[in-house]
Amino acid sequence: MTEFLTQLIYSVSRPVAYVIADGDVVEEANLSRQKFIPADIGRFKAEVLAERYGKAHGLNIGYSTEYCESIDQLESLFYGAWITPRPTLPILIGCVDNNKSRAVMHRYFKRVNTLLYLDVGNEEYVGQLIVGFKLDGRQILKPVGDVFPEVLNDDSKFKSEESCAERSYHAPQNVATNIQSALAAFSVLNSLLTNNEILVSRVNYNSQVCYARPELTSEDEVGEAV
């Protein structure tokens, strides 16, 4: 996803600040389905991606090598040293593999006045993108925690709470599904940054059969909000 987003940010003529937060380090298993090379093994993913794509497009991409597991952490990413001046439309892209982190992002969405929150979730071949949107305290599109309330009561662990064995095991992923997930989020942000439009509230996809079904927003939902 970082590759697509940096290309988009480079191409638009409006100020955009970009920060990557991920406590994962690159492992050999990542090489087959993510854009890392053997020399990256052992380094933090966030650092590698910020450095690589920042240099490629001449952008100053911030990064944090901590997992986002609290509202205070999210607040510091949006309004800390990386982001100046204060963003007019903060955008949170959640690509987490545990619902405990999703619950934190959901609470942050409910707490702040304005936020576009994209949650990407996928299994081996299927997945979905949920678009939550708040503006000036008014919820316009439902976040993932309202669409799937069960994620807020999941007994999963934060990444930092997992054992080494637990961290090494995750649901199988497919490179085509990862790409389709990234494209779904990219499409939403492309419409927003180039045309000031949020056209979809949800996308369901299946990489095995080249399938993607969006749920379109209505003018009554979004209107001139963006």
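Checking Glu27 against (1) in the same structural domain as Phe158 (by TED's automatic domain parsing); (2) at pLDDT 90 or above, only one condition comes out false. Which one?
Failed condition: (1).
Can you work out which of the residues in the stretch 1-28 that are out of contact with any Phe, Trp or Tyr (no Cβ under 8 Å at 6 or more places or on another chain) and closer than 28 Å to Ser70 by Cβ is surrounded by the fewest Cβ atoms within 10 Å (Cβ to Cβ)?
Result: Pro15.
Could you run through the stretch 202-217 and say how many residues are in contact with a Phe, Trp or Tyr (Cβ under 8 Å, 6 or more places away or on another chain) and under 26 Å from Thr6 (Cβ atoms)?
Counting residues in the stretch 202-217 that are in contact with a Phe, Trp or Tyr (Cβ under 8 Å, 6 or more places away or on another chain) and under 26 Å from Thr6 (Cβ atoms) gives 3.
Looking at the stretch 194-223, which of the residues that are in contact with a helix residue (DSSP H, G or I) (Cβ under 7 Å, 6 or more places away or on another chain) and either among the β-branched types (Val, Ile, Thr) or surrounded by fewer than 12 Cβ atoms within 10 Å (Cβ to Cβ) (or both) is nearest to Gln180 (Cα to Cα)?
Step by step, filter the stretch 194-223, then rank; the result is Val203.
May I ask you to list the residues in the stretch 53-76 that are of a type in the set (Val, Ile, Thr) and either surrounded by 18 or more Cβ atoms within 10 Å (Cβ to Cβ) or not in a loop (DSSP other than H, G, I, E, B) (or both)?
Selection gives Ile61, Ile71.
Scan the stretch 7-26 for residues that are in a loop (DSSP other than H, G, I, E, B), closer than 24 Å to Asn174 by Cβ and without any contact (Cβ under 8 Å) to a residue 60 or more places away in the chain and jot them down.
Asp22, Val26
Any idea which of Phe4, Phe36 is of a type in the set (A, V, I, L, M, F, W, C), more than 30 Å from Phe133 (Cβ to Cβ) and either touching a residue at least 60 places away in the same chain (Cβ under 8 Å) or not in a helix (DSSP H, G or I) (or both)?
After applying the criteria, what remains is Phe36.
Go through (1) within 29 Å of Leu152 (Cβ to Cβ); (2) without any contact (Cβ under 8 Å) to a residue 24 or more places away in the chain for Tyr63 and report which single condition fails.
Failing condition for Tyr63: (2).
The values are calculated or read from the model by the stated rules, or taken from the named source; none is laboratory data. Computed from a predicted model, the values in this text were never measured in an experiment. FYI the Cβ positions are ideal-geometry reconstructions off the backbone, even for glycines, and counts take in every protein chain you see.
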